[in-house]
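See below for the structure under consideration.
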Amino acid sequence: MWNRSRADQTPDPAVADERAPGGLGVGVQVWVREHGTPSGDDWVGEPTGVIIARGERGVRSVTLPSDRLTTWVVAFSEPQHRRDGRGPYASATIPASLLVAAEPAE
């Protein structure tokens, strides 16, 4: 384990606002909507899960925090399959444009 001082725990501005427009961020429950045009890469139905990490960003998207290339790693509530039969997947990296934050529970 590393020994971190309080100074090391200052939030990084890039990470502090991890919740992007639309309420997406680590720990948020989401559902995956389908593409406008169905394809083999779509998920069967509209699976639900929880965001567990930020996805990797390409070099082109570094300066655009809320672009269509932003991705999140979602752990599904139950294993999911692609429309073409591939799977089952326990988690997947999904574009933010296909994720919808679930309504908060009261």
Name the pairs: first residue in the range 19-31 and closer than 12 Å to Thr71 by Cα and modelled with pLDDT under 60, second residue open to solvent by 60 Å² or more (accessible area, probe 1.4 Å) and not in a loop (DSSP other than H, G, I, E, B), Cβ to Cβ under 9 Å, at least 6 apart or on different chains? none
Can you give me the ranges of the strands (runs of 3 or more DSSP E) entirely in the range 67-106 with at least 3 residues that are open to solvent by 80 Å² or more (accessible area, probe 1.4 Å) and among the hydroxyl-bearing types (Ser, Thr, Tyr)? none
Within the range 45-56, which residues are in a loop (DSSP other than H, G, I, E, B) and open to solvent by 80 Å² or more (accessible area, probe 1.4 Å)? Glu46, Glu56
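The values are calculated or read from the model by the stated rules, or taken from the named source; none is laboratory data. Small disclaimer: the values here were computed from a predicted structure and weren't measured. Reconstructed Cβ throughout: ideal geometry from the backbone, glycine too, with neighbour counts over all protein chains shown. The accessibility values were calculated without ligands, DNA or RNA, using every heavy atom of the protein model including side chains. Shrake-Rupley method; radii C 1.70, N 1.55, O 1.52, S 1.80 Å.
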